[in-house]
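Take a look at this one; I'll ask things after.
The values are calculated or read from the model by the stated rules, or taken from the named source; none is laboratory data. Here the structure is a predicted model, which means the values were calculated and not measured. Backbone-built Cβ (ideal geometry, glycine too); neighbour counts: all protein chains shown. Protein only, heavy atoms only, side chains kept; ligands, DNA and RNA dropped before computing areas. Shrake-Rupley method; radii C 1.70, N 1.55, O 1.52, S 1.80 Å.
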Amino acid sequence: PLAQWRAEAGLRAAFFRRWARYGCPTSFWFGAFLLPADLLTTLSRFSAKDAGLSIDDFRIAVNVGQGEPMPAPAQEQDLGECFRSDVKPVKKGVLAHGLALSGAAWGDGGICLEGPSSGGMNWLPQVTLMPHN
């Protein structure tokens, strides 16, 4: 357990080093954040400021993509997926990945939840987090 924690902590640190070096990621890895809810709060805060409204007036809508499941990075070179230059940024909101499902799977052509599949983790495809009031 300690070795796994250390490896994951190293990946988290590498994610933030790349962010500092290369700029904002094209897709945020949820697992990199100690408190993923802070990413959602920050997204709401920036949107509220841009609109001149209170942060309490904003909610986050989640649109699950149609692509392949996008797991958390297993090693440092996998972090390149977070900083791809060929990914077009969304107009409103951010892309995020690395969300696992427990006791369910994302199936039926990528449009709904279904019972758990046999095997390990069931990852969601990349999601778009969009603030709205």
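If you go through segment 60-73 one residue at a time, do you hit one that is open to solvent by less than 70 Å² (accessible area, probe 1.4 Å) and in a helix (DSSP H, G or I)?
No, there is no match, as no residue in segment 60-73 is open to solvent by less than 70 Å² (accessible area, probe 1.4 Å) and in a helix (DSSP H, G or I).
Additional query: Condition (residue is acidic (Asp, Glu), under 15 Å from Met130 (Cβ atoms) and without any contact (Cβ under 8 Å) to a residue 24 or more places away in the chain) applied to segment 35-52: is it met by at least one residue?
The answer is yes, given that some residue of segment 35-52 is acidic (Asp, Glu), under 15 Å from Met130 (Cβ atoms) and without any contact (Cβ under 8 Å) to a residue 24 or more places away in the chain.
What single numbered condition from (1) modelled with pLDDT of 85 or more; (2) on the phi > 0 side of the Ramachandran plot; (3) open to solvent by 60 Å² or more (accessible area, probe 1.4 Å) fails to hold for Asp108?
Of the numbered conditions (1) modelled with pLDDT of 85 or more; (2) on the phi > 0 side of the Ramachandran plot; (3) open to solvent by 60 Å² or more (accessible area, probe 1.4 Å), the odd one out for Asp108 is (1).
Assess whether Asp38 counts as being modelled with pLDDT under 90 and in a helix (DSSP H, G or I).
No, not satisfied.
What are the pairs with Cβ atoms under 7 angstrom where one residue, in segment 78-97, is at pLDDT 85 or above and surrounded by 12 or more Cβ atoms within 10 Å (Cβ to Cβ) and the other, located anywhere, is small (Gly, Ala, Ser) and not in a helix (DSSP H, G or I)? Sequence gap at least six, or different chains.
From residues that are at pLDDT 85 or above and surrounded by 12 or more Cβ atoms within 10 Å (Cβ to Cβ), the pairs are Glu81/Ser27; Cys82/Ser27; Leu95/Ser27; Ala96/Ser27; His97/Ser27.
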